Structures are given as C-alpha cells and as structure tokens.
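Asks: Have a look at this one before I ask anything.
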Amino acid sequence: MFSLLATFATIFGAIVGSFLNVVIHRYPREESIVFPPSHCPHCDAAIKWYDNVPLLSFAVLLGRCRACREPISMRYPLVELANALFYLAIFLHTGPQVAFFFLAAVVSMLIVLIYIDAEIQILPDVIDIPGIAVGLAIGALGLASSAPMLMLSESWLDSLIGAAAGAAIVATIIGAYWLVRRIEGMGWGDSKMLAMIGALVGWRAVLGVLLVGSITGALIGVPVALRSREGMQLAVPFGVFLGFGALVVLFFGHTLSGWYLSLMLR
C-alpha cells in the first residue's frame, strides 16, 4: 500500500508540475493562468488532452508541437520531473499524513519562484505571502514531528521568528548597500522570499539557507557576470539561489549541521 501511495504522490507531483509550467510561462507575460486553455506559444494551437500528459506527451512528441512542429522548451518536462521527484521525496519522509500537502505546496512555490526570478527577476507577492502563511502553518501545527529528518520549524514561535529574521536580514543588507552605493543591492522580493523560507525551516536554519544561496550564487553568478558586458554590475536573480538553498537545507539541513558540528569539535 505504501508503494502504491508513493506512486500516486509522484504522479500527482507531475500533474501539479504541469500547472506550475502554466504559472511560470504566463505570469511574466501578465496572462491569466486559467484562460485560455493550454496552447502552443508559437502557433497558438490548442493543446489536446492527450498531448498534455506530463512527461509522457513530451517524449511521444519528441519535444515538438504537434501542429507547427516548433520545439517545446525543455523547462516543461524538467519542472514536471522535478516536482514529481520532490513530491516523492516528501512522501517518503511524511507518509500519508497532512504534512505532505503543506510541504508539497511550499516546495512547488519555491520552484515557481526560482523560475520566474530567473526569467524576469521578480519574486511575486502572490506566491511569497501565501508561502509565508504556509510556513507559519507548518510551525503552528507542529508538522516537524511528522518528518523528523527534514529541517522544519518546530513551533509557531520558531516559524514567526524565522520569518522575521529572514525579512530583517535582507532588509539590513538592502539598507547597508544603499548607504554605501546609493542603490539597492537586493530586491524587497528577496526579503519576503527569505521570510517565507524562514517560516518554513525556522530561525536557526535561516543563516544556513543564506550561506548556501550565497556560495552557490557566487560560484555561478561571478563567472557569468565576468563574461557579460555589465561585468560585476550585472543584476543576478538571487531568489534562484535562495530557493536552491532552501531546498538543500530543507532536505539535508540536519546532515549539514552534523558535519559542521563535527568539524568544529575536532
């Protein structure tokens, strides 16, 4: 029975991933996520239900629109696959408990934020703010006990302080950068996103998320900036790396903190 439910969770993740692709594609273009129904972005042809099966349809169509034969972005199967695998990973930690749905929701929100920030460098309030609410609910409901191997806030107070700490850290960076350079070094969307993450993982893990995000951002962002015309003035979508850091800490936070403590005690 557990294996069957895990399979259902994976399939459900792929289906939700298909919807996430709609949000990722349409939000930057200020289009409704409901109307019109799914259609090819190249020829505008309506996509039939049998061409809209997550992962399978992309493979059958060889990554091309049935009507115009234009290539379909690899983002579509990647998002569906990523969301499916994350849902499976969450289910393996929680089993068939209510915690699964809360964690699945917040992980899907992180995926959408990562892709939208990568495309237009905006972290939408319509995702950030509900994400903060979900994180606070996870703490208030004590869902950490349902998944002890995941790094989650342990109480409503832990979530609340984590959200406040996340927002305050980024706000401090923005203020300090403004005093020195008279420009915003980060966006206020980053502040709200880190508040969402802090509500999810708790205040003790906020700095870990920021550290993982900063290291990853430096490793990827600096070489990209050096190759660009703007040089080190290139605006980097830091929300991408915050999202990555959140996922790493959520699933591996206890392991990473154990490694850190063992190194410190040597």
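The values are calculated or read from the model by the stated rules, or taken from the named source; none is laboratory data. This one's a predicted model, so the numbers in the text were calculated from it and none came from an experiment. Ideal geometry is used to build each Cβ from the backbone, glycine not excepted, and the neighbour counts take in all protein chains shown.
Asks: If we scan region 211-229, do we find a residue that is over 17 Å from the mean Cα position of the chain (by Cα), assigned to a helix (DSSP H, G or I), farther than 24 Å from Ala118 by Cβ and modelled with pLDDT under 95?
Replies: No, every residue in region 211-229 fails to be over 17 Å from the mean Cα position of the chain (by Cα), assigned to a helix (DSSP H, G or I), farther than 24 Å from Ala118 by Cβ and modelled with pLDDT under 95.
Asks: Does Glu80 qualify as being without any contact (Cβ under 8 Å) to a residue 24 or more places away in the chain and either not basic (Lys, Arg) or not in a helix (DSSP H, G or I) (or both)?
Replies: Answer is no for this residue.
Asks: Do we have Ala163 as touching a residue at least 24 places away in the same chain (Cβ under 8 Å), surrounded by 22 or more Cβ atoms within 10 Å (Cβ to Cβ) and in the same structural domain as Leu207 (by TED's automatic domain parsing) here?
Replies: So Ala163 passes the test.
Asks: Which ones in region 24-37 are at negative phi and out of contact with any strand residue (DSSP E or B) (no Cβ under 7 Å at 6 or more places or on another chain)?
Replies: Correct list: Ile24, His25, Arg26, Tyr27, Pro28, Arg29, Glu31, Ser32, Ile33, Val34, Phe35, Pro36.
Asks: Starting from region 36-65, keep only residues that are within 24 Å of Ile11 (Cβ to Cβ) and assigned to a loop (DSSP other than H, G, I, E, B), then list their pairs with residues that are modelled with pLDDT of 90 or more and among the β-branched types (Val, Ile, Thr) whose Cβ atoms are within a distance under 6 Å, requiring at least 6 positions of separation or different chains.
Replies: Pro54/Ile15; Gly63/Ile72
Asks: Within region 26-40, how many residues are over 19 Å from Ile116 (Cα atoms) and loosely packed, with under 13 Cβ neighbours inside 10 Å?
Replies: Residues meeting the conditions: 3.
Asks: Inside region 19-35, can you point out the residues that are assigned to a helix (DSSP H, G or I) and either modelled with pLDDT under 90 or acidic (Asp, Glu) (or both)?
Replies: Arg29
Asks: What's the number of the only condition in (1) under 17 Å from the mean Cα position of the chain (by Cα); (2) outside the structural domain of Gly245 (by TED's automatic domain parsing); (3) of a type outside the set (Phe, Trp, Tyr) that Leu92 fails to meet?
Replies: So Leu92 meets the others, but not (1).
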